Structures are given as structure tokens and as C-alpha cells.
1. Out of the residues in segment 187-220 meeting the condition of being part of a loop (DSSP other than H, G, I, E, B) and at negative phi, tell me which one is surrounded by the most Cβ atoms within 10 Å (Cβ to Cβ).
2. Taking segment 236-282 as the search range and keeping residues that are of a type in the set (Ser, Thr, Tyr) and surrounded by 14 or more Cβ atoms within 10 Å (Cβ to Cβ), which one is farthest from PRO112 (Cα to Cα)?
3. State all residues of segment 46-62 that are touching a residue at least 24 places away in the same chain (Cβ under 8 Å), within 17 Å of GLY102 (Cα to Cα) and surrounded by fewer than 17 Cβ atoms within 10 Å (Cβ to Cβ); if no residue qualifies, say none.
4. So, in segment 221-262, of the ones that are outside any helix (DSSP H, G or I) and closer than 29 Å to SER297 by Cβ, which residue ends up nearest to the chain's Cα centre (by Cα)?
5. Would you check which residues across segment 82-129 are within 12 Å of the chain's Cα centre (by Cα) and at pLDDT below 95 and list them?
6. Would you mention how many residues in segment 83-122 are out of contact with any helix residue (DSSP H, G or I) (no Cβ under 9 Å at 6 or more places or on another chain) and farther than 23 Å from GLU29 by Cα?
7. If you check every pair at least six apart or on different chains, which have Cβ atoms under 6 Å apart with a residue in segment 129-148 that is hydroxyl-bearing (Ser, Thr, Tyr) first and a residue that is surrounded by 14 or more Cβ atoms within 10 Å (Cβ to Cβ) second?
Amino acid sequence: MKGFLRKVLLGSAAALLIAAGGAVLSLEESYRGFQGQVFVRVERGVGAIGIGRGLEQAGVIRSAWQFWIARAMRPSAKLQAGEYRFEEADTVWRVFDRLAHGDVYFLEFTVPEGSNIFDIAHAVGGTGIISAEDFLRAASDPSPIHDLAPAAKTLEGYLFPATYRLTHSTTAVQLCRQMTGQFRRQWNKLAGGRTVDVHKMVTLASLVEKETGVPGERTLVAGVFANRIRKGLRLECDPTTIYAALLESRYRGAIFRSDLASHNAYNTYQNTGLPPGPIANPGAEAIAAALDPAKTSYLFFVAKPSGGGHQFSSTLPEHERAVREYRNGSKTATKSPRKAG
């Protein structure tokens, strides 16, 4: 009887060893139980059991217990939270290593300087992660910057141009908070603790950003606008007219007389002073120019016939001469040669 039991025990032990060996060997077998590509989100604090089940459900590994075995054999490895993309058949060991190395997936999303909320909504909608409608809805809530700019009606102007990382779990609200957080960091650097009206400065910076892409002109353009405001002259800034038309869903790709005649509060051809808020999201250089405009007597600027910048003038006769030069030398130019913009 004892001999029989001993044989049974030895047989069972051998079977277990064979099974264990087979289980370990299975970690080296490639597997793919999904089509195309699949994304798996590993939340912070989730253990190997939860991770294994998620990988099995997504078809990345054949069975959750395979991941548990890998974890038991590599107990000191630190598995990184984040989103992971899987496209090809892979072994459990390679999947485990990717999580241990933090090979997380993200999509880089770049917001160029001078983009407005409509531009950003269109671009982010193209990623397939956040819809344009959701972004516009989130950007219409100014609460993330209310303490800095209580007069702001939306987040226009405070969505700082930079490159951001998106995952499939990123929401429109989260993206807006990333962007306004970056604005805060940049503003603190540039403002240097000075006491100014943030909303007015950002509004002025947005006009500067839209009027010129030439770095050396930004403080000059800011100075022209500051001078015109001080003298009670209308800014007559073309980009504000375009923004007013965008807000009313009537922009047709060019400025028409009806746009110039619009009494929308953003149209600086009909209203004196700055518009109610920013017309775009300015970069650091435009914000710096708004904070420290050039001190000149300039009241006008117009595009140079040859391109590459503007001709600045202090008097109306000088400006009218510059406009004639512009018209004579650049018949195909698209920029309108008006007083300030």
C-alpha cells in the first residue's frame, strides 16, 4: 500500500512539474487574439490580477494566469500605469517587459501660436480622441482661469500654444486644464509678479500674435495699439473683424464690407479700445510684447510690398504713402492695407 501511494505521489509531482514547465514555456509563445490594434489602460494601483484580466479580455495574452506566473517570477519589477497599444502577436514576457519599462502610448498634439478655439477644436477632432464639439464645450467654461482673469467668458487666450500628449482616455476638460496649466506657468515667468490686468494683457497679446509673425515687430505692433488706445482711436485690426465673423458663423474666408460694418463687440472697426477678450491664443513672445510695448510715436502699420514685415508710420500722410507703395508694389497681396492692421 505504501509503495502504491508513493508511486501516486511521485506521479502527481511529475505531472505538476510537467504542467508548471508547460506553463512557463507558454510565456514564450506569441499570441494575438485581436484584430488591427488594441489599447489597454493600466490604472495606477491595479495589481497583477487586474492587469492580467485586462490583457486577456483585450486578446493580448491567451490567459490571465500567464501574466500572474510572469509576475511571480519577476516580483521586483515595477509595472507602470498608462495606456499601452498592441498591434502584433507577442509573448507574455515581452508584454510584461513593456509594462515594466513603461512603454506607454501617447499621441503628440501641437497647438501653433495664434490658434483660436475653433482651430484647436478642428485639429483635436482630427485625432479621433476628443471630438470638436466636446472641446468647444470644455473651452467655453472659463472656470480654470477665473482666479487670474475673472472677466474671461471662455478659455480663448489661455490655451497656451505648445505640444501636449493625449491618450485615448484624455477628455476635453483634461486637455483644457493641461493647456491652462501651461499658460499659468508661462504667465508667471513673463509677468514676474507685476500687478496688471491679465485679461487685457492677454487680449492685446492675441492681437499682436495675429498681426505679425516677425519676432522683431511684436513690440512695435503692441506699441501701435497702445498708442491708439491712449489717443482714443479705433484699433481697426483686421483679425478682430474675422473673429467677430467666426463667432457669428458668417466668416467666408475674406473680409467684406458687411464684416467691417458689423457692430459685434469684437469688431474694432466699429468699437474703440480692446475687444472684450482674446481673439486667439498667443505665445510667449506676443505676451511679452503686450507686457512691454515699444515706446514710439507710431500709430499705423501696413504690410511691405515685398513682404516680410510692415511699414510703421506716425502720421496719416506717412501711412497713406506707405499704403500707396503697398498697392503699387504688391497687387496680388492678400493682407488688407488698413490703418492699424
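The values are calculated or read from the model by the stated rules, or taken from the named source; none is laboratory data. A quick note: this is a predicted structure, and the numbers were derived from the prediction, not measured. When we count neighbours, we look across all protein chains shown, and the Cβ atoms used for this are built from the backbone with ideal geometry, even at glycine.
1. THR212
2. Pass one, segment 236-282, residues of a type in the set (Ser, Thr, Tyr): 240-241, 243, 249, 251, 258, 262, 266, 268-269, 272.
Right, trim to surrounded by 14 or more Cβ atoms within 10 Å (Cβ to Cβ) and you get 240-241, 243, 251, 262, 266, 268-269.
Values: THR240: 19, THR241: 21, TYR243: 17, TYR251: 21, SER262: 28, TYR266: 22, THR268: 24, TYR269: 27 Å.
The selected residue is SER262.
3. VAL46
4. Taking the candidates together, the pick is CYS237.
5. Of everything in segment 82-129, those that are within 12 Å of the chain's Cα centre (by Cα) and at pLDDT below 95 turn out to be LEU107, GLU108, PHE109, THR127.
6. 6
7. Qualifying pairs under 6 Å: SER131/GLY125; SER140/THR154.
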